[in-house]
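Q: Quick one: the structure is below, and I'll ask about it shortly.
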Amino acid sequence: DKVVVQDLAKLLQKTPSELITKLIQLGIMATINQEIDFDIAEIVALEFGYEVEKEDTKEEQEDILIPEDKPEDLLPRPPIVTVMGHVDHGKTSLLDAIRKTNVTAKEAGGITQHIGASEVHINGKKIVFLDTPGHEAFTSMRARGAQVTDISIIVVAADDGIMPQTIEAINHSRSANVPIIVAINKIDKPNINIDRVKQELADQGLLVEEWGGDVIAVPVSALKGENIDTLLEMVLLVAEIEELKANPNRKAVGTVIEAQLDKGRGPVATVLVQNGTLKIGDSVVVGACYGKVRAMINYMGKRLKEAGPSTPVEILGLSEVPQSGDQLIVVENDKIARSIAENRKEKLREEQMKASTKVSLDDLFKQMEKGEIKDLNIVVKGDVQGSVQAVKQSLEKLSNNEVAVKVIHAGVGAITESDVMLASASNAIIIGFNVRPVTSAQSLAQKENVDIRTYRIIYKAIEDVQAAMKGMLDPEY
Ligand code: GDP
């Protein structure tokens, strides 16, 4: 893997002579048209203060390197907040109540535009809210390697307390290292017990401040608009503690939070600018798409010329519709943008080819014969713990000299998207015992080429895996 000096200089935004000088300092004599090893290119990039994203394959050296900021260039930036919590605990109502407190929106006539995120201005400061509540969007972004949320507000209805999705929301925030603020909602209701909610939070390891912990819990009523100001002030407080910073004086980097094809306007994407300033006319790479920013529209429907850190903007001018979670990067010019995007597309195609060679029971034997498979990884889901354990043990006993059967995850409940993601990432098949995939998991499995098998009788599952290992499984119709 090599790169031409001239091309590397361009990528690093240095003149060829600066680069050659640096190479000489490193003891390497090179001319402008000479090829140097990628390892050396990486050292040079690091020397120039760049962060090298990935390493070692042909695609990466042709991909973009994102420069790191110097501490002195960083300025405080507004927080980006996601609202999560159990269904019906008031996530949507809370977001509505928050938008109602928005002074600037009122002054401008109060007509907010749906672009996927909105800004709230309070005490002369700004907070950005992602409009889609719930942890699904949060998790799917993370699965794609993107993290936009700085703070999560977890809504708990005071009359219902901590529920399964509350716990999921807590765990998702924790695994992403995102600080949590709890909004104890529906305090206008009679016969509620806020202390009970606090106790349940403590049981989950979230000890509230008034009990000596460090978790901020704010009692609110989304319905009556009660205490919303306090909640927002707490968000600003946590943001301050987190010391969120960005460098507005550089080329922009951001993440797509929504995108669609608009009949009149073509591909439209809402991008959250996370670092730098995005400007009209900028050449951008967005995932495997490219383009030139033709127009930017903010949450109030206002056209912007520039968008700084923590600004959600809808942008026009892309070649295609990107996916949410895709990263936006501003590059030198259209040509570079295009070649990086094409390069990435090629890589995606290769990945899809790989995806189609994923394990499935139908061609397990063929893959075993070719020596492509040493482990048969399986995710087991079932209706009761007893049968899940029984299936797990029986399956693992099937291991032989050619292939080791490994149950990488076993759990109770329907087959979900996260099971499919896990299976996809570890080249596993999924066996469901008296459970079915949820609709979204089904479609994801199709996309990711994950083999899902469901059974009602334990021995039938064992029989199928056994037969597949011998190449004697009857094809499924
Ligand atoms: P989500 O599923 O978490 O988005 O919950 P919603 O915002 O849709 O709210 C679910 C139900 O709870 C709706 O009927 C709301 O009117 C009601 N609700 C939400 N917040 C409050 C509140 O503060 N007080 C009362 N009494 N009801 C609320």
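The values are calculated or read from the model by the stated rules, or taken from the named source; none is laboratory data. This is a predicted model, so every value here is computed, not measured. Every residue, glycine as well, gets a Cβ built from its backbone with ideal geometry; the counts of neighbours run over all protein chains shown. Heads up: the accessible areas ignore ligands, DNA and RNA and are worked out on the full protein's heavy atoms, side chains in. Shrake-Rupley method; radii C 1.70, N 1.55, O 1.52, S 1.80 Å.
Q: Which value, in debye to the nearest 20, gives the size of the charge dipole of the chain about its Cα centre, when Lys and Arg are +1 and Asp and Glu are -1 at the Cβ?
A: Working: 54 positive and 72 negative charges, 232 e Å.
Charge dipole, the chain, about its Cα centre: 1120 debye, nearest 20.
Q: Using a Förster distance of 35 angstrom, determine the FRET efficiency expected from the C-beta separation of L75 and D203, and round it to 0.05.
A: On the way: r = 40 Å, r/R0 = 1.14.
The value I calculate is 0.30.
Q: Another one. Residues with beta-carbon under 13 Å from that of P79, excluding P79: net charge, scoring Lys, Arg +1 and Asp, Glu -1? Intermediate results must be reported in sequence, preceding the final value.
A: On the way: positive: R77, K125, K126, K245; negative: E119, D150, E233, E240, E242, E243.
Charge balance near P79 sits at -2.
Q: As an exercise, use a Förster radius of 30 Å and the Cβ-Cβ distance of L261 and D7 to find the FRET efficiency, rounded to the nearest 0.05.
A: Numbers: r = 34 Å, r/R0 = 1.13.
Taking R0 as 30 Å, the efficiency between L261 and D7 is 0.35.
Q: Ok, one more. Mind checking which aspartates and glutamates have their Cα closer than 20 Å to the Cα of K125? Skip sequence neighbours fewer than 8 apart in that chain.
A: Counting by Cα, and skipping residues close in sequence, K125 has these aspartates and glutamates nearby: D96, E107, D150, D229, E233, E240, E242, E243, E306.
Q: What does the charge count near G291 come to, summing +1 for each Lys or Arg and -1 for each Asp or Glu among other residues with Cβ under 11 Å from its Cβ?
A: Working: positive: K292, R294, R338; negative: D282, E320, D334.
Counting the neighbours of G291, the net charge comes to 0.
Q: Here is a further query. Using modelled backbone amide H atoms (1.01 Å from N, in-plane), which distant-in-sequence or interchain residues come within less than 5 Å of I415's amide H?
A: R436, V438
Q: Dipole of the range 111-244, Cα-centred, from +1 at each Lys and Arg C-beta and -1 at each Asp and Glu C-beta, to the nearest 20 debye? Working shown, then result.
A: Working: 10 positive and 20 negative charges, 68 e Å.
Here the range 111-244 has a charge dipole of around 320 debye.
Q: Given the chain, what percent of its DSSP beta bridges are antiparallel, to the nearest 5?
A: Details: 48 of 86 bridges.
About 55 percent, rounded to the nearest 5.
Q: Ok, one more. Expressed in nm to one decimal, what extension gain is obtained for the pair E463 and S387 from 0.36 nm per residue of sequence separation less their Cα-Cα distance?
A: Numbers: separation 76, 0.36 × 76 = 27.36 nm, distance 1.58 nm.
Taking E463 through S387 to full extension adds about 25.8 nm, to one decimal.
Q: Report relative contact order for the chain in percent, whole number only (criteria: Cα-Cα under 8 Å, sequence separation at least 6). Could you put the intermediate results ahead of the total?
A: Values: 946 pairs, mean separation 50.7, N = 477.
That works out to 11 percent.
Q: Carbon-plus-sulfur fraction of the accessible area of the chain, 1.4 Å probe, in percent? Present the calculation step by step, with values, prior to reporting the outcome.
A: On the way: 11630 of 23570 Å².
Heavy-atom surface of the chain belonging to carbon and sulfur, 1.4 Å probe: 49 percent.
Q: Between L304 and residues 5 or more places away or on another chain, which pairs have amide H atoms under 5 Å apart, with H built 1.01 Å from N, and which residues are they?
A: Under 5 Å from the amide H of L304 lie the amide H atoms of M296, I297, N298, each far enough along the sequence or on another chain.
Q: By the gyration tensor of its Cα atoms, with a ≥ b ≥ c the square roots of the eigenvalues, what is the shape of the chain: rounded for a/c under 1.5, prolate for a/b over b/c, or oblate? Write out the running numbers ahead of the final one.
A: Details: a/c = 1.96, a/b = 1.03, b/c = 1.90.
Oblate is the answer for the chain, as a/c is 1.5 or above yet b/c matches or exceeds a/b.
Q: Need the list of lysines near K126 for cross-linking: C-alpha distance under 18 angstrom, and skip anything on the same chain fewer than eight residues off.
A: Within the straight-line limit of under 18 Å, K126 reaches these lysines: K100, K106, K245, K302.
Q: Using each residue's phi in the range 394-409, evaluate 6.51 cos²θ - 1.76 cosθ + 1.60 at θ = phi - 60° and report the 3J(HN,Hα) Karplus result to the nearest Hz, with x for Gly and Pro.
A: Going residue by residue, I get 4, 5, 5, 5, 6, 3, 9, 5, 7, 9, 9, 8, 10, 8, 8, 7 Hz, with x marking Gly and Pro.
Q: Where Lys and Arg each count +1 and Asp and Glu each count -1, what net charge lies around P248 among other residues with Cβ under 12 Å from its Cβ? Mind dumping the intermediate values first?
A: Working: positive: R77, K245, R250, K251, K279; negative: D69, D73, E306.
Computed value for this residue: +2.
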